[in-house]
Structures are given as structure tokens and as C-alpha cells.
Amino acid sequence: MPVVGGSPDGHFVRPTVLTPADTRPAVWRAEVFGPVLAAVTATDAEHALALVYLTD
């Protein structure tokens with residue numbers, strides 16, 4: 001999963017953009033506290049709506 005910004009060590013995360021290949025990683029399915037954005041590409045509007053409602 002590519003990471004832009006941020007740092008893997010320590011407890012502080014700088015503003016970070018994660019681009020997981022799919023929606024299985026916990027960062028996509030759970031609430032993250034901090035300046036973190038997980039982004040996935042949708043194939044169409046219907047797929048985008050399905051992604052919006054995909055949570056644990």
C-alpha cells in the first residue's frame with residue numbers, strides 16, 4: 001500500500017494519503033483518528049456508492 005507523507009515509526013502520523021489496492025485493509029473499513037485519507041478508485045457511480053456504505 002503506497003504511503004505519501006506520514007511516518008511508520010512513533011505514535012504521531014503526519015498528514016498521510018494511503019492508496020490500498022482494495023477495501024480489505026482496516027484503514028479503509030474503520031474510523032481513523034488523525035490526518036489520514038484512504039483512497040480507492042471506483043469503476044463507476046454505482047461502485048462508488050457501494051464503497052461509501054462499506055464499513056464494519
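The values are calculated or read from the model by the stated rules, or taken from the named source; none is laboratory data. In this text, all values refer to a predicted model and were calculated from it rather than measured experimentally. All Cβ positions, even for glycine, are placed from backbone atoms using ideal geometry, and neighbour counts span all protein chains on display.
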Query raised in the report: In region 26-56, which residue that is in a helix (DSSP H, G or I) and loosely packed, with under 10 Cβ neighbours inside 10 Å is modelled with the lowest pLDDT?
Result: 52
Report summary line: Note on region 29-56: residues acidic (Asp, Glu) and more than 19 Å from residue 18 (Cα to Cα) are 44, 46
